[in-house]
Amino acid sequence: MIAGLVGISVGLLYIAWPALSTVSYALVFLAMIAVWAIVNGIGQLGAAMRLRREIEGEWLLAVAGLFSILLGIAILVVTVAVPGASLLSVGLIIGFYALIAAAALIGLAFRLRGHKRRTV
């Protein structure tokens, strides 16, 4: 019964203030992006450490992982500090991250391409 009453209350709240539902969904989405970025970054750092003995240039993967973790932290900080502004500013944060991480990963790809030629 309590769950039903809470559900009705939340439904009425969202009907009365539809902007609230939009903002809450957007904030949850930002939290999901932040968690994904942090988990992805940890995985990239782990892969870089494992590849250290296998290839040269693994530090580029570590750089991409570090920036992914920083992206997640930045999104969380901005979302908590200024929730309304974060909806607009996170696009810029993600854009800068994408440029830096992509450059590091492209550099790693060129190094790996050369590594394949040396081992064959």
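Worth a mention:
- P(r) of the chain over all Cα-Cα pairs, binned every 10 Å from zero, in whole percent: 13, 31, 23, 16, 10, 6, 1
- Helix 2-16 axis versus longest C-alpha principal axis of the chain: approximately 90°, rounded to the nearest ten.
- C-alpha long axis of helix 18-51 to longest principal axis of the chain, angle in °: 20 degrees
- Kirkwood hydrodynamic radius of segment 1-71, Cα pairs, Å: 15.0 Å
- Coil-residue trypsin sites (Lys or Arg not before Pro) of segment 18-120, DSSP, other Cβ within 10 Å capped at 14: 52, 53
- Packing-based ranking of 94-100, 6-12 yields 94-100, 6-12, ordered from highest to lowest mean Cβ neighbour count within 10 Å.
Throughout, read-outs are computed from the coordinates displayed, never taken from laboratory work. Note that this is a predicted model, so its numbers are computed, not measured. Here Cβ is always computed from backbone atoms with ideal geometry, including for glycine, and neighbour counts include all displayed protein chains.
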